[in-house]
1. Count the net charge of all other residues whose Cβ sits under 9 Å from the Cβ of Gly86, scoring Lys and Arg as +1 and Asp and Glu as -1.
2. Taking a 19 Å limit on the Cα-Cα distance, which of the listed pairs Lys14/Lys220; Lys320/Lys359; Lys14/Lys69; Lys210/Lys235; Lys192/Lys421 fall beyond it?
3. Using alpha-carbon pairs under 8 Å, 6+ residues apart, how would you state the relative contact order of the chain in percent?
4. Which whole-number value in Å³ per residue fits the convex hull of the alpha carbons of the chain?
5. If you roll a 1.4 Å probe over segment 179-250 with all protein chains in place, what percent of the accessible area is carbon or sulfur?
6. Helix-derived [θ] at 222 nm for the chain: sum -39500 (n - 2.57) over DSSP H runs of at least 4, divide by residue count, nearest 500?
7. Quick one: accessible area per residue over the chain, 1.4 Å probe, rounded to a whole number of Å²?
8. Provide Rg and Dmax in Å for segment 90-208, with only Cα atoms included in the calculation.
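The values are calculated or read from the model by the stated rules, or taken from the named source; none is laboratory data. Treat the numbers as computed from the prediction; the structure is a model and nothing was measured. Please note: Cβ atoms are built from the backbone with ideal geometry, for glycine as well, and neighbour counts cover all protein chains shown. For accessibility, only protein heavy atoms count, side chains too; no ligands or nucleic acids. Shrake-Rupley method; radii C 1.70, N 1.55, O 1.52, S 1.80 Å.
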Amino acid sequence: MSVISVTNVSKSFKVFKERTATLKDRIVNNRKNKYDIYLALDNVSLEIPKGETVGLIGRNGSGKSTLLKLLTGILYPDQGTINIEGKVSSLLELGAGFHPDFTGRENIFMNAAILGLSKKEIKRKLDQIITFSELKHYIENPVRSYSSGMYMRLAFSVAIMVEPDILLIDEVLAVGDAAFQQKCMDQLLKLKNNGTTIVFVSHDLGAVEKLCDRVVWVNKGKIKEDGKPRKVIDKYLAYLSEEENQRLIEENNNFEKVSSENINEENEQQHANEQMDDKRWGNHQVEIVDVKIADEKGNSKLGFLSAEPMQIQISYEVNKDVEKPIFGCAIHTIDNTHCYGTNTFIDQFYIDHLDKSSKGKIIFNIPSINLVAGTYLLSVAAHDINGNQYDYHDKKYSFKISSLTNDVGIAKINHEWVHEK
Ligand SMILES: Nc1ncnc2c1ncn2[C@@H]1O[C@H](COP(=O)(O)OP(=O)(O)OP(=O)(O)O)[C@@H](O)[C@H]1O
């Protein structure tokens, strides 16, 4: 049986277009505030049975927090109905429900009372709450002196110690340090095992997958996918990666347009000779005329999921006969760490010579781009056997890697764990 029932719910907000009119303006000049109506949730329906842990994921502004606020009763739907059964405890915006001038201890009493605990119950649980929050030494200070992490500790401790039937959490765990985040996660798993229904909004897809039985992807105010965590998260990541891909392609197009607009006829010759900026140099006996980052089929692509195949295509034109040319690629992080570099010579892919006026394309195939999530810069080069550059493009191209896992560093090293006892 569902303990949370959302039926055909819509919620819109007024988004004001200009500075709010003053009361005087309104009365004297009959000036009204102009606004647009923004539909944050559009006819959403959702049933959550008792004991289920549901993760809400989606891009910024997609409507996740609005949905959670409707569930807590902070907001009311314009249309549709919401039914909740059981004691609800919620962790929404940081500090919501706290009075800044009251001490941590006073806020525990106030907060727990709002969540439905009697004074006697609160007294019984007080030590537990303070111990869990690890704020014993600050508990008599006003919470306005707390850091955001300390706020979160206190709020989380109260929210879980009231033993709710339904716990609603919006992102806030992200502000805690790693150790406390782990502690919260353990506690959430404990609540889950005890049958608490949990709705968890987070951009930490690893945490969502670990904690949730079901994931709901909210997109532009509608439910786009609802189902098994791995499946929904994979679809969401593929969508993000495609969106990022389009954005990067647009950004690159704009960059090329601006660059070519800047080259007028007068300086065209000089431009060709100097070739041209601090990101490109060489004598141009072989000229790299196009570089394409692509998927395995050769279609332009700039946003990849970690471990997806990638292809780098280097198109060249030859201005002078050259012997034994070498083509190479290098990948850097945006903070300049060299991740990987190789060339045709190192890989014993020898090219004998290139004739003047010939054209061609070198394709660098990567079956699995094993980098962790982040933005990377690509350099490509053509040079001779002694390292004299024909054409060097220094970190001129960028691509992005997204990943489901939170591993850190640069490269994803193939591995497995074994536990021997
Ligand atoms: N009180 C409000 N007044 C006007 N617009 C609002 C209000 N609350 C939310 N919105 C708008 O509704 C949309 C959905 O916001 P919401 O906070 O639900 O998104 P979200 O998915 O939780 O995003 P995030 O991941 O950034 O937290 C946004 O465009 C937001 O600007």
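1. Every neighbour counted, the sum reads 0.
2. On the way: Lys14/Lys220 16 Å; Lys320/Lys359 12 Å; Lys14/Lys69 17 Å; Lys210/Lys235 17 Å; Lys192/Lys421 30 Å.
Violating the 19 Å Cα-Cα cut-off are Lys192/Lys421.
3. Numbers: 806 pairs, mean separation 56.5, N = 421.
With pairs under 8 Å counted, the relative contact order is 13 percent.
4. Values: hull volume 101.2 nm³, N = 421.
Taking only Cα atoms, the chain has a hull volume of 240 Å³ per residue.
5. The nonpolar share, carbon plus sulfur, comes to 50 percent.
6. Here the helix-only value at 222 nm equals -9000 deg cm²/dmol.
7. Accessible area per residue, the chain: 56 Å².
8. Computed over the Cα atoms of segment 90-208, radius of gyration and Dmax are 13.3, 39 Å.
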